[in-house]
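Worksheet for the structure shown next.
The values are calculated or read from the model by the stated rules, or taken from the named source; none is laboratory data. Keep in mind the model is a prediction, meaning the values are calculated, not measured. Heads up, the Cβs are rebuilt from the backbone with ideal geometry, glycines too, and the neighbour counts pull from every protein chain shown. With ligands, DNA and RNA removed, areas are computed over all heavy atoms of the protein, side chains included. Shrake-Rupley method; radii C 1.70, N 1.55, O 1.52, S 1.80 Å.
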Amino acid sequence: MSDGLTDGRKFRLLNIIDDFNRESLAIEVDTSLPSLRVIRTLENMVERRGKPANIRCDNGPEFISHRLQQWCEDRHISLQYIQPGAPTQNAYIERNNGSLRRELLDAYMFKSLKEVRIMTREWQDDYNNERPHRSLKNLPPLVYHQRWLNNELEAKPIDPALSTSSSGEPSSSQTKKIVDKVFEKTESNFNQESLLLNSPN
């Protein structure tokens, strides 16, 4: 995704989710996100969560690079590209992108990349821990995953073709509550977190 700061500088966002429980695994923010940065983000994710069997993505230049293809091949990860002009083949991330666009990027004017990073972390925390999904038995992603690990529910097969109709997109009133919650949490934590980020140690 891409957006701009109030001074006119453009920035990009790399969003990665888990198809199984729709969990937002990463929101990487910078002025440029080339293939080496994508690989670095994936390396950090594999270290935290383990190696995925498959990665599905669109045909952006950072994804079709030989470096990323080689990285996946070396780790025996299947790299699956959607067909050009067919975003519904990657419907879960498209829904995630739409929610992030509507609830955060279109709702605020950002002065710095630091501000974008702080607010996307707040949004990601709310999305993973608080946001119920109809397709996940009205549970937030992390709660659904934990209950599945505890054998408290049966995992539903992933079917991208059905995701848009059963994803449980929040209503406009729910969206406003989500935006207000993110802003409220960010406003209360911003000064403290800014001090930590600027600390020489």
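General remarks:
- Tally, over segment 84-94, of residues that are farther than 22 Å from Pro61 by Cβ and either free of Cβ contacts under 8 Å to residues at least 12 places away in the same chain or touching a strand residue (DSSP E or B) at 6+ places or on another chain (Cβ under 9 Å) (or both): 1
- Of all residues in segment 8-22 being of a type in the set (D, E, K, R) and assigned to a strand (DSSP E or B), the one that is least open to solvent (accessible area, probe 1.4 Å): Arg12
- Listed here are the helices (runs of 4 or more DSSP H) enclosed by segment 23-120 that have at least 3 residues being modelled with pLDDT of 95 or more, within 19 Å of Arg12 (Cα to Cα) and of a type in the set (Val, Ile, Thr): 35-49.
- Cβ separations smaller than 6 Å between residues 6+ apart or across chains give the following pairs from segment 58-73 residues that are farther than 9 Å from Ile39 by Cα to residues that are among the β-branched types (Val, Ile, Thr) and open to solvent by less than 30 Å² (accessible area, probe 1.4 Å): Asp58/Ile82; Glu62/Val38.
- Within segment 95-109, the set of residues being out of contact with any Ser or Thr (no Cβ under 7 Å at 6 or more places or on another chain) and not aliphatic (A, V, I, L, M) comprises Asn97, Gly98, Ser99, Arg101, Asp106, Tyr108.
- All of (1) out of contact with any Asp or Glu (no Cβ under 9 Å at 6 or more places or on another chain); (2) open to solvent by less than 50 Å² (accessible area, probe 1.4 Å); (3) closer than 29 Å to Lys137 by Cα hold for Glu94 with one exception: (2).
- Residue under evaluation Arg49, criteria (1) surrounded by fewer than 16 Cβ atoms within 10 Å (Cβ to Cβ); (2) under 17 Å from the mean Cα position of the chain (by Cα); (3) over 20 Å from Asn21 (Cα atoms), criterion not met: (3)
- Candidates Leu79, Leu36, Leu5 - the one that is open to solvent by less than 70 Å² (accessible area, probe 1.4 Å) and either under 23 Å from Arg121 (Cα atoms) or charged (D, E, K, R) (or both): Leu5
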